[in-house]
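To start, the structure under review is shown below, and the notes come after it.
The values are calculated or read from the model by the stated rules, or taken from the named source; none is laboratory data. Computed from a predicted structure; not experimentally measured. Cβ placement follows ideal geometry from the backbone for every residue including glycine, while neighbour counts extend to all protein chains displayed.
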């Protein structure tokens, strides 16, 4: 059974702080990794892909540890608009039921002024 | 920016009724998907569709569900004999490839079964 586990939070952090989320996945055959953002009652939107070498997009940094099956997201200088639920998402290797994305339940982030 | 559009945005239906949720994927996309999210739960994959046939389906997508692409633009999800536990947000998505980083989601159709 494919599982993606996340701390549900909520994480309450002051504006300007740095916050980190973690995620673990159970299927070692997972091929691709992503962080999505979901606002309340809205659709998931891709925040960034996660690569083995780690990658950065502005204030956001993602890391992948394949050996530990662990993914992280770091948000620096957090803004009020960062308040949302952050979804850890994995995709299996092609074939054998792998078309779909497997979502974690998400980590709820609240940025306080 | 091109977008996936879904109708209706919200539908209330009586238990046992049939529901059709409609989606217009992004025009040059080739892969189409339905996901659902029960309130407070995670987003779950239902089915993928490519080249006018189902490509993959999850264990959730049983005989109660069907998908169709009746013309060149619409992609529909039919739920027969709805149950209370079918109440959820249903998201349509489309992509140019199977890679996860090309998937775009619609705003969702909120289904309430009473």
Among the residues in region B:43-53, are any surrounded by fewer than 14 Cβ atoms within 10 Å (Cβ to Cβ), touching a strand residue (DSSP E or B) at 6+ places or on another chain (Cβ under 9 Å) and at pLDDT 95 or above?
no
In the set A:53, A:28, A:81, the lone residue that is surrounded by fewer than 17 Cβ atoms within 10 Å (Cβ to Cβ), more than 14 Å from every other protein chain (Cβ to nearest Cβ), out of contact with any helix residue (DSSP H, G or I) (no Cβ under 6 Å at 6 or more places or on another chain) and closer than 26 Å to residue B:89 by Cα is A:81
Wholly within region B:75-114, which strands (runs of 3 or more DSSP E) include no fewer than the required count, namely at least 2 residues that are facing another protein chain (nearest Cβ under 7 Å)?
none
May I ask you to verify whether residue A:62 is away from chain B (no Cβ under 11 Å) and either outside any loop (DSSP other than H, G, I, E, B) or under 13 Å from the mean Cα position of the chain (by Cα) (or both)?
yes
Within region A:25-48, tally of residues that are over 29 Å from residue A:113 (Cα atoms) and within 10 Å of the chain's Cα centre (by Cα)
1
Qualifying positions in region B:35-60 - facing chain A (nearest Cβ under 10 Å), over 16 Å from residue A:92 (Cα atoms) and within 11 Å of the chain's Cα centre (by Cα)
B:35, B:37, B:49
What do you reckon, is residue A:72 over 12 Å from the mean Cα position of the chain (by Cα) and either in a loop (DSSP other than H, G, I, E, B) or touching a residue at least 12 places away in the same chain (Cβ under 8 Å) (or both)?
no
